[in-house]
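Data first, discussion second: the structure below is written as structure tokens.
The values are calculated or read from the model by the stated rules, or taken from the named source; none is laboratory data. Computed from a prediction, not measured in an experiment: that's the story for all the values here. No Cβ is skipped: glycine too gets one built from the backbone with ideal geometry, and neighbour counts run over all protein chains shown.
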């Protein structure tokens with residue numbers, strides 16, 4: 001028995017500009033709309049992810065106590 005490749009759905013508007021598009025279909029995901037449901041597609045090459053760094057609290061003017 002020969003296995004058939006999965007049926008691929010067409011891309012959605014958010015996919016426009018991605019390098020993974022071939023002939024109106026995503027070459028990585030069979031259902032591109034599902035990858036955009038919860039945010040940004042993990043394979044999107046046209047979207048830059050912004051990483052927010054946590055700001056550390058800087059304490060100024062504290063001195064160590066001397067032990068007797």
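Once the range 1-32 is narrowed to residues that are touching a strand residue (DSSP E or B) at 6+ places or on another chain (Cβ under 7 Å) and not in a strand (DSSP E or B), the residue that is surrounded by the fewest Cβ atoms within 10 Å (Cβ to Cβ) is 24.
Sub-6 Å Cβ pairs linking a first residue in the range 45-68 that is under 30 Å from residue 16 (Cβ atoms) to a second residue that is modelled with pLDDT of 80 or more and surrounded by 10 or more Cβ atoms within 10 Å (Cβ to Cβ), at least 6 apart or interchain, are 45/18; 45/19; 46/17; 46/18; 47/40, ordered by first then second residue.
Against the list (1) surrounded by fewer than 10 Cβ atoms within 10 Å (Cβ to Cβ); (2) not in a loop (DSSP other than H, G, I, E, B), the condition residue 35 fails is (1).
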